[in-house]
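What follows draws every value from the coordinates through simple rules; no lab data is involved. Fair warning: this is a prediction, and the values are worked out from it, not measured in the lab. Heads up, the Cβs are rebuilt from the backbone with ideal geometry, glycines too, and the neighbour counts pull from every protein chain shown.
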Amino acid sequence: MSENKTSIRKKHMEFTPMVPETTFQYADLSIKHIDAENTLAMVRRAIRMGYDAVAINIDLGDISDYYTELDMLWTPGSQNNVDGEPPKKKKKKQQRKDELADGIAGILKKKLIPPPHYVDVSQLNTSELEKRGKVFRQFSRITFTANEQVVINKVFIHPTILSYDIVAVRPGEPSVLDTLSRKTELFDIITIDHLEEERRKWLSVSKVMDRIRNDGVFYEIAYAESLMPATRKNTLFNGRVLIRSLKSKNIIFSSGAETMLDLRSPVDVMNMSLLWGVANNEARKMISGFPKNLLLQAECRGTGNGDVCSMKLSDAEKLAGNGEEEEQDGASEEKVVVGKEEEAEKVKAPPIEVRMNHSQYQALLQATKNANDMMKKIKASKAASSS
């Protein structure tokens, strides 16, 4: 059982865009999955339009309609009747039985959370992307509406939810938004698609929204709803309120497409952003820069916390080799190639308390040397000015 759980929790994404070969240009992080053929056709069209990163989105709607806890069903302690029980106690037992029956009936009506869906890359034509030096990437995403605070505590620890690359939440009430502000490490996007007119009160809670944004969560505007006359007015209004509240920071544009007609090219999306009052220099970030930051944040979600080690400047000087006394205890030393023409020099390995790789350690040593040189120059200039 434990092996199955660990396999479900393992995430698909391996995304660390640190070099030009692994970066992407444009991303659409909301292509809705309805059936396999339709999803494959939309992904093919997105690639032809110039997107090199897509997220296949499964929208559950209200999460309370799905199983969120399978093994935490409350059962009464004892169902046996004891002779001579007080009438009040018998009445309470009967009430518990009725509650249990109602609870079981409600659970039987609920549905299972579906697993992530991916398209077969061998059925895609990525030659145009390869000519531009890009690599196609696909990510899994799940979106659900949260109307109850109690349900939120159970959803994010669900093993199937943890297997998705991106988790998006659609809040229904301001109280739900306040609860989400304390759980920002468990999800990546707050979306306003399908947001009903009477449930957009939380868009004006700017302080809570700023707190969520500062924790690395992004907000999403789906432009597919603005293409339909029935939802155009509501979508444009909600998007303008959101952009005004967040000052165009940490906001992404995605299609939210259910059919191929809902997809638009990156240039068209940047032109459409003028309808929400977005400047031209900010529009590119919302389909390229901010999605890249979002995916990096999503990759880190669920991993262990980082460790920071502090030390005295004198100890750092000893590690950097600037001190007069250099201790050589026979510890393990590693060779570092500085340049083609320079000789390799031996540097002590970092202590166990410093949790960093060798390249980060070398950067720390170089920064320490630069700081010491700067301090020496400042002291020398002060001494010259005083004399």
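For this structure, a couple of remarks:
- Gain on full stretching of the segment that runs from Phe156 to Asn372 - 0.36 nm per residue minus C-alpha separation: 73.0 nm
- Counting every other Cβ atom within 10 Å of each residue's Cβ, Tyr26, Tyr51, Tyr67 order from fewest to most as Tyr67, Tyr26, Tyr51.
- Peptides 254-265, 135-146, ordered by how many other C-beta atoms sit within 10 Å of their residues on average, highest first, read 135-146, 254-265.
- For Thr179 and Asn293, the FRET efficiency from 1/(1 + (r/R0)^6), where r spans their Cβ atoms and R0 equals 25 Å, is about 0.55.
- Region 164-203: equivalent-ellipsoid semi-axes (sqrt of 5 x gyration tensor eigenvalues, Cα, Å): 19, 13, 5
- With 25 Å as the limit on Cα-Cα distance, the pairs of Lys110/Lys207; Lys32/Lys110; Lys247/Lys292 that go past it are Lys110/Lys207.
- For Ala53, distant residues with modelled amide H under 5 Å away: Tyr26, Asp28, Arg137
- By average C-beta atoms within 10 angstrom, highest first, the peptides 291-299, 118-126, 52-60, 233-241: 52-60, 291-299, 233-241, 118-126
- Residues Met374, Met209, arranged from fewest to most other Cβ atoms within 10 angstrom of their Cβ, appear as Met374, Met209.
- Gain upon complete extension [Arg211, Asn125; 0.36 nm per residue less C-alpha separation]: 26.8 nm
- Spacing of the two label points (7 Å from each Cα toward its C-beta) at Lys110 and Arg244, in nm: 4.0 nm
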